[in-house]
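S.K.: Got a structure for you, questions after.
The values are calculated or read from the model by the stated rules, or taken from the named source; none is laboratory data. All figures in this text were calculated on a predicted structure; none of them were measured in a lab. Quick reminder, even Gly has a Cβ in these numbers, built from the backbone with ideal geometry, and neighbours come from all protein chains shown.
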Ligand code: ATP
Ligand code: MG
């Protein structure tokens, strides 16, 4: 029996790589320009980290985590998201406080996340996220900065038209708890309209009912009391200030009182960028403020805000744009025919790679006729073929054939070739 990959975990093949590199390069450029620093942390953490931070009754912790016991019977989990790991790592290495005072840190990470979900287009069991987290800043200015950053991602990637920003405020824990009571009362009164999932959430996480995609429940949800009407003055001030900042930057948004996010740790600002082009996998980037999490995990408080972007979903959008990303091609392909030529090619390529380290040279391996090697040279996309046969080797020369231009073939000495490539 052939062994195959695990369902929902994708191999990313060489043909797909130019798009991935293009995406990563564009994202990194924006992150660098905004002054954010990369952090890397392990793929596996103690299960407790996610249980405590994301929340026991969330979808992620409740049913999506890859959890196992190691040989010493420690419960470990493949990270389902990066925020908890980032807080854990930054706090552990004292990046977040100086003598109990919060420090400002602007961090990002990119990598695999794991969730046991039903695989479908745009939803996988191993997927990649870019995550960005800003610590030590309580005001709406940093919320706005992160949203502005995402806007610049879309600008560079040509996706502005495809995406809509949804914005909401979840207020403080107290405000949410007060609203929770009001919402539960309303939902109880409409109990007969709730589906099985929502009936479960009614007792565990009633705010998530608002997030239901069940078309039969949409009218009932639309008429539910709005959290925004139950927020205190300070929360509203934060939220209005954020909107003023976004207005100044010309960023359009929709206030969506039903945007609740699936994780327990959010407070105040939450946002999602959604698209109409990926079916029910419609959120490509989501985030918000999580002021309580740092204290919960590290014992010392610090305000924080961040977001995570699903890389595969962005790539699906880029594919629909039919964006042409050039693949990596060599500058030259060296054709090597005969045993003498093999030795000469080794020597020559070593010299070229030493004197011109940036010259992209593919040397043919595995022998074969001139004809078959020319085919390979052409397919590689190389601009030139360097030809080494018995005759050339005897005279310490190389024949140069231009594969993409209408230029005559040339014969140059090895020394001359090395010199020209150095310029
Ligand atoms: P969804 O509602 O689509 O399940 P989520 O609320 O679980 O998303 P987050 O935990 O906020 O997602 O993760 C941030 C982003 O990561 C999502 O907006 C999405 O783009 C991406 N993402 C989440 N889960 C997956 C997955 N299983 N496969 C691919 N991308 C994902
Ligand atoms: Mg999910």
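S.K.: Kindly evaluate residue 31 against the criterion of being in a helix (DSSP H, G or I), touching a residue at least 60 places away in the same chain (Cβ under 8 Å) and more than 18 Å from the chain's Cα centre (by Cα).
M.R.: no
S.K.: Here's a follow-up. Against the definition (surrounded by fewer than 16 Cβ atoms within 10 Å (Cβ to Cβ) and within 16 Å of ligand 1 (Cβ to nearest atom)), how does residue 118 come out, yes or no?
M.R.: Here the answer is yes, as residue 118 does meet what is asked.
S.K.: Of all residues in the range 285-305 being within 15 Å of ligand 1 (Cβ to nearest atom) and more than 16 Å from residue 169 (Cβ to Cβ), which is surrounded by the most Cβ atoms within 10 Å (Cβ to Cβ)?
M.R.: Across the range 285-305, the extreme among qualifying residues is 293.
S.K.: With the condition kept exactly as written, say whether any residue in the range 183-191 is in contact (Cβ under 8 Å) with a residue 60 or more places away in the chain, in a helix (DSSP H, G or I) and crowded, with 17+ Cβ neighbours inside 10 Å.
M.R.: Checked against the condition, which is being in contact (Cβ under 8 Å) with a residue 60 or more places away in the chain, in a helix (DSSP H, G or I) and crowded, with 17+ Cβ neighbours inside 10 Å, the range 183-191 yields no hits at all.
S.K.: Residue 415: within 25 Å of residue 354 (Cβ to Cβ), over 39 Å from the mean Cα position of the chain (by Cα) and not in a strand (DSSP E or B), yes or no?
M.R.: Criteria met by residue 415.
S.K.: Also, I was wondering about something else. When you look at residue 51, is it under 22 Å from residue 261 (Cβ atoms), over 18 Å from the mean Cα position of the chain (by Cα) and within 16 Å of ligand 2 (Cβ to nearest atom), yes or no?
M.R.: Answer is no for this residue.
S.K.: Residue under question is residue 338, and the condition is that it be near ligand 1 (Cβ under 10 Å from one of its atoms) and either outside the structural domain of residue 137 (by TED's automatic domain parsing) or surrounded by 22 or more Cβ atoms within 10 Å (Cβ to Cβ) (or both); does it hold?
M.R.: Considered against the rule, which asks whether it is near ligand 1 (Cβ under 10 Å from one of its atoms) and either outside the structural domain of residue 137 (by TED's automatic domain parsing) or surrounded by 22 or more Cβ atoms within 10 Å (Cβ to Cβ) (or both), residue 338 comes out as no.
S.K.: Within the range 21-36, does at least one residue satisfy the condition of being assigned by TED's automatic domain parsing to the domain that holds residue 141 and over 30 Å from residue 324 (Cβ atoms)?
M.R.: Yes, the range 21-36 contains a residue that is assigned by TED's automatic domain parsing to the domain that holds residue 141 and over 30 Å from residue 324 (Cβ atoms).
Conditions tested, residue by residue: (1) more than 16 Å from ligand 1 (Cβ to nearest atom); (2) surrounded by 21 or more Cβ atoms within 10 Å (Cβ to Cβ); (3) without any contact (Cβ under 8 Å) to a residue 60 or more places away in the chain.
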residue	(1), (2), (3)
211	no, no, yes
224	yes, no, yes
227	yes, yes, yes
242	yes, yes, no
252	yes, no, no
280	no, no, no
